[in-house]
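Contents: one structure, followed by commentary.
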Amino acid sequence: MKINTDGVLLGAIAGDGHPLNILDIGTGTGVIALMLAQRFTDAKIDAVEIDEQAAATAKSNFGNSPFKNRLTLYANGFEQFFEDYPEKRYDLIVSNPPFYINSLQSPGVKTNLAKHAADGFFEKLISVVATQLTKQGICWLILPVDTSALVKNLALQSGLYLQKTISIHSFKDDTAHREILAFGKNNTHMITGKFVIYSEPNVYTETYRGVLKDFLTIF
């Protein structure tokens, strides 16, 4: 789970303008946080990760990057993080969260931790996001479509408005398998988009290549 398509798409797409304070919730090994540090050169990025081994890897990756002075790793869950730092506010919050809700647990403990959300996880996540965003701040998430529907309702209940939806498709005629959502405190006109990964089997679209060419050496 060190690098996956969901993570790199979120890292490449999330955020507009010039956010100065960024939070990556569930950073894993730090890929999204590093991409955001590359994109937003004036930003300071906090990253939280509850898995000890992943957090240690992220900390090492941050320390070996050219952005090390702007990246800080916190090895705990987001709830504990905000209990410790209730004053922190962010212009941009991103997360590629665990998303299999109430589903059959996978056999590996780390896979469970990374991909399965316990009851109430998203309620807690959205509640925290609504409190810790600045007035103009935006939260970007990437989710499976069924989980996305749940999170949209939770966000509205917490006073957050859906500002952008990008549906992610493997091929142009496929049903969307993920959605990237952007929420904020302002009720603006919602923008929708479609993102296609492959033009044919094992051949990436020009859009995918263009979005990721600054981050992946294969392009």
GNM, the chain, Cα, under 10 Å: largest mean-square fluctuation among HIS18, HIS177, HIS189?
-> HIS189
Share of accessible surface on carbon and sulfur in the chain, whole %, 1.4 Å probe and ligands ignored, is 51
For the chain, what is the accessible area per residue in Å², given a 1.4 Å probe and the full set of protein chains?
-> 51
At least 15 Å along the helix axis (C-alpha) and Kyte average at least 0.0, DSSP helices within the chain = 121-132, 145-157
Assuming a viscosity of 1.567 mPa s and a temperature of 4 °C, what translational diffusion coefficient in µm² per second does Stokes-Einstein assign to region 139-219, Rh being the Kirkwood radius over Cα pairs?
-> 94
Nearest 5 is fine: what % of DSSP beta bridges in the chain come out antiparallel, could you say?
-> 40
Region 189-211 and region 25-88: distance between their alpha carbon centers, rounded to Å | 27
In the structure shown, of LYS88/LYS152; LYS124/LYS172; LYS88/LYS194; LYS59/LYS152; LYS88/LYS124, the pairs separated by more than 28 angstrom at the C-alpha atoms are LYS124/LYS172; LYS88/LYS194; LYS59/LYS152
Is it possible to state the helix-based mean residue ellipticity at 222 nm for the chain, with each DSSP H run of 4+ residues giving -39500 (n - 2.57), the sum divided by total residues, to the nearest 500 deg cm²/dmol? What is it?
-> -10000 deg cm²/dmol
What number in nm² do you get for region 1-80 if you take the convex hull of its Cα atoms and divide its surface by four?
-> 4.8
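The values are calculated or read from the model by the stated rules, or taken from the named source; none is laboratory data. Computed from a predicted model, the values in this text were never measured in an experiment. Ligands, DNA and RNA are stripped out before the accessible areas are found, and what is left, the full protein with its side chains, is counted by its heavy atoms. Shrake-Rupley method; radii C 1.70, N 1.55, O 1.52, S 1.80 Å.
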